[in-house]
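Below is one structure, written out as structure tokens; the observations come after it.
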Amino acid sequence: MFPINNIIFYLIAIGGTCVGLIYLFSPKIMPYHQQFLGMAHEQLPPNVAKLLLTLMKVAGSLFLALSFCIIMLVHFGLQNGIERWVLWTILGSVLIFAIPTLYSTLRIGWYTPWWLVALSIVLVIIGCIQ
């Protein structure tokens, strides 16, 4: 039997991987970034566009790194049952990443995918108390 918390952690990792790949390989800033700035990507000064895309690539890489860590912790740390240190490490890692991300996303506006970040926070807490 596959424990429910493993499934929850893998779902968080899959979601993080998807967001990471989108951010890493996007040729433009996200539509919600454009809405916040009040201009299309093509209207941005070239240096500003380059800076924002670079920051998106950094964020995408961080999403991928966190997802990879979660997968490795679940696969190797939880293979023989629940290890408390693994749960604390997953919880701490996700919260350290997700809480500032949620704050930043909400500062941009309610039209952002803030709810995905909030969902990951709720899921990691549920996964750790299972």
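The values are calculated or read from the model by the stated rules, or taken from the named source; none is laboratory data. All values reported here derive from a predicted model rather than from experimental measurement. Cβ sites come from the backbone with ideal geometry, for glycine too, and all protein chains shown count toward neighbours.
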Run Y111 past the list (1) surrounded by 12 or more Cβ atoms within 10 Å (Cβ to Cβ); (2) part of a loop (DSSP other than H, G, I, E, B); (3) hydroxyl-bearing (S, T, Y) and report the number of the one that doesn't hold. (1)
Before we move on, is G81 surrounded by fewer than 16 Cβ atoms within 10 Å (Cβ to Cβ) and at pLDDT below 95? yes
Could you count how many residues in the stretch 120-130 are in contact (Cβ under 8 Å) with a residue 60 or more places away in the chain and part of a helix (DSSP H, G or I)? 6
Could we say that L51 is aliphatic (A, V, I, L, M) and surrounded by 14 or more Cβ atoms within 10 Å (Cβ to Cβ) here? no
Could you identify the single residue in I90, I108, I99, I82 that is without any contact (Cβ under 8 Å) to a residue 60 or more places away in the chain and of a type in the set (A, V, I, L, M)? I99
For F68, work out the one condition from (1) surrounded by 15 or more Cβ atoms within 10 Å (Cβ to Cβ); (2) in contact with a Ser or Thr (Cβ under 9 Å, 6 or more places away or on another chain) it doesn't fulfil. (1)
Of the conditions (1) at pLDDT 95 or above; (2) surrounded by 14 or more Cβ atoms within 10 Å (Cβ to Cβ); (3) closer than 22 Å to I4 by Cβ, the single one that L87 does not satisfy is (1)
Within the bounds of the stretch 23-31, is there any residue that is charged (D, E, K, R), surrounded by 14 or more Cβ atoms within 10 Å (Cβ to Cβ) and closer than 18 Å to S104 by Cα? no
